[in-house]
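The values are calculated or read from the model by the stated rules, or taken from the named source; none is laboratory data. What you see is a predicted model, and the numbers here were worked out from it, not measured in a lab. FYI the Cβ positions are ideal-geometry reconstructions off the backbone, even for glycines, and counts take in every protein chain you see. These accessible areas exclude ligands, DNA and RNA; they are computed on the full protein's heavy atoms, side chains included. Shrake-Rupley method; radii C 1.70, N 1.55, O 1.52, S 1.80 Å.
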Amino acid sequence: MYGRAVISWVGLCLLLLLPACAPRATKPAAPTTPAVVPGGAEDLALRYLEAWARNDVAAQRQGLVDAPQDFDAQHARWRQDLGVIASRFDQVVLESQDTTTAVVRFHGVHTLRGLGDWEVESRLRFVLRSKRWSLRWTPEVFHPDARPGDRFGRTRSWGPRAGLLDANGEPLTVPGEVIRIGVMPGRVKDRAAVASVLQSQLGVDPAKVLAALNASSAQPEQFLAFIDVRPERYQQLRPVLAPVPGIFFRKKPARLSPAEGFAAHTLGRVGEITAEALQSLGQPYQPGDVVGLSGLERAQERTLAGRPSGEVRLQRRAGGGELLYRFDGEPGRDVRTTLRMDVQDAAEAALVDVTQPAALVAVDTKTGEVLAMASRPLGEGWHRALMGRYPPASTFKLVTATALLESGLKPDSRVDCPLEVTVGRKRFRNFESEVLGTTTLRRAFALSCNTTFIQLAAKLDPRVLEDAARRFGFGVPYDVGLPSPGATFPPPKDDAERAADAMGQGRVLVTPLHMATVVSAAATGVWHAPRLLADAEPGPEARLGAGTTVMLRDLMRSVVTDGTAKSAASMPGLMGKTGTAEFGLSVPPETHAWFVGVRDGIGFAVFVEGGGVGGRVALPLAIRFLQALDGALVLSFKRDDAS
């Protein structure tokens, strides 16, 4: 008994010292979802739907009872007739079950090419035979209303495409037609003559023409299209092209701008969807759709096009049909741009006969809104005004002058302009060996003395020029409404590169669009990121000092009255800066031509790639732009008076 008492006491101690040994209170078990019984109707339903989702018809066929002979064909026809590109299933529920039958309800989502998702609630019906569940398949699996012999069908259509509008809400594009020029191989008598005339009149590559004619797939009466032209251009070309055997013409609906080439790169073009565009756009697009292929037509495709409408229908075997689902679609919405018709007309007129690659951009100095953009050549798809990045050359002296003025210099400050200077073991010379000696900052700016700005910039804290560049938008990301890389000012690696940067060479790069914003900022004191869409939120901006702006305007005006742009002195109120940007490795180097200017609240940049000297090549185009703009304004006033 004593021993038992000791054991009992020891046991009590163990319970006190080792709580883990004591019994623990347990929480009530959480309710659980009944497991799917392997081999049961619900389990078979899940496996069937998984096979359907991966389009594995052979796996779907397993476990069927009394399967129709055309089971595979019915599935293939269902997918083809509806354009089903994917199916997924959920909400699989055992709805009822007795000793011999079971019904499983499920929710399906079928993605129809070019339309979207079609949701269907349907059922799978099972029977028990020899103690095994089997699926008794009927077309009800596709849709509860389907019966044997019925067929599914669909319709699809786009509404009218919305328009691109100018800043005043007027249409920039209108429905019309173009003439497609092509060749019928069986009617051609002289292939070389056909290729030659298409090249001389339309710029079509002869190799492209001959390759199409020689292709093994070319049929004698097949129309091989090469280029589309506007009706007015067709009237000019027809007398030359029509007499050549094998050349034919076809009319084609199109969206037309006000004139040939008008804002062509900016507005873009519309045509049948390409493989690249189809992959990029995805749903609800499909082969054969007409979409925007470039410019704003492409960038604003979903807004302009909306969404297509369509119907899913069931065609009864005995005749008649039933509407199963309607895709309502969405109408396209107009996109209003910041472009002004008169300014764009003037830009086109300025570049009308320019054969070298060129660009002209105009912006509102107070907002950064893009008023006009034109790129040349028209036949090249690259939008040089937006995408081309080049050294800004002496136009960058607007930035360098800002850094100098904010460091204490004045337009009348005395400065030196020698023939050459050496910085970081690199020699820099003035363009065309100009020497001004001791002069004023104003005159050095007006005559674009490189050595003056190199010497003065070398005395600045390097961060001062970098800060000035950033306040003019260099290195600042922004969204124009179309792709554009903006401007870059990488930190100089050494003194020689810092000297090159001061005169807009080195690694400084800028687009023509961005330079239009730079000259605008110099005139107004506020840099605005450019934007092309009227309803877009304003982008980044930065401010200059009020006193600095007054002095910059003085410097820019002196360029026109007494400097490298003196040939434009008759243009009242014009301010600006010329630039001649060296590039390449040839000796002497090739040069791009620049002129940036401001007048009457419009900042603009004119650029000619490989054009030569800014004051001799870009400036005359700027004068032509302003003259055309003046003419457009006068004509506009006359129209108002007559109305």
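Numbers at a glance
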item: Residues in the stretch 80-111 that a label on Arg136 would reach, taking backbone N under 19 Å of a point 7 Å out along Cα→Cβ; result: 94-106
item: Inter-label distance, nm, simple model (7 Å from Cα along the C-beta direction), Asp145/Glu272; result: 3.5
item: Rounded to the nearest 20 debye, dipole of the chain from Cβ charges on Lys, Arg, Asp, Glu; result: 1080
item: Test item: Cα-centred dipole of the stretch 549-640, Lys/Arg +1 and Asp/Glu -1 on Cβ, debye; result: 260
item: For the stretch 319-395, convex hull volume per residue from C-alpha positions, Å³; result: 223
item: Per DSSP, loop chymotrypsin sites (Phe, Trp or Tyr not before Pro) in the stretch 158-228 with at most 15 further Cβ within 10 Å; result: Phe223
item: Positive-end extreme of charge dipole, the stretch 102-152 - chosen from Leu124, Phe142, Leu112 (charges on Cβ); result: Leu124
item: Check: the stretch 395-496 dipole with +1 on Lys, Arg Cβ and -1 on Asp, Glu Cβ, in debye; result: 160
item: Segment Asp600-Glu434, length gained on full extension (0.36 nm per residue, minus Cα span); result: 56.5 nm
item: Distance between the stretch 86-132 and the stretch 233-277 - C-alpha centres, whole angstrom; result: 52
item: Trypsin sites (Lys or Arg not before Pro) within the stretch 490-568: DSSP coil, no more than 15 neighbouring Cβ in 10 Å; result: Lys493, Arg507
item: Rounded to whole Å, sorted largest first: equivalent-ellipsoid semi-axes of the stretch 172-241, Cα gyration tensor; result: 23, 14, 11
item: Answer label for semi-axes √(5λ) of the Cα gyration tensor in Å (calculated), chosen among (1) 45, 30, 24; (2) 80, 29, 21; (3) 67, 43, 22; result: (3)
item: Cβ-derived FRET efficiency at R0 22 Å, Ser413 paired with Asp494, nearest 0.05; result: 0.20
item: The stretch 65-81 and the stretch 558-622: distance between their alpha carbon centers, rounded to Å; result: 72
item: Contour excess over end-to-end distance, with Cα ends at Val352 and Val290 and 0.36 nm allotted per residue; result: 19.3 nm
item: Estimated FRET transfer efficiency (Glu260, Asp66; beta-carbon r; R0 51 Å; 0.05); result: 0.15
item: Cα-based helix-to-principal-axis angle, 191-202 vs the chain, degrees rounded to 10; result: 60
item: Leading residue at positive end of dipole, the chain (Cβ point charges), from Tyr48, Ala546, Ala73; result: Tyr48
item: Prolate/oblate/rounded label for the stretch 69-121 (Cα gyration tensor, a/c 1.5); result: oblate
item: FRET E, pair Asp535, Ala192, Förster distance 41 Å, beta-carbon r, rounded to 0.05; result: 0.20
item: Accessible surface of the chain, 1.4 Å probe, proportion on carbon and sulfur as whole %; result: 53
item: For the stretch 339-385 and the stretch 528-545, distance of Cα centres in Å; result: 19
item: Most positive-pole-ward Cα, Ala569, Gln97, Gly611, against dipole of the chain from beta carbon charges; result: Gln97
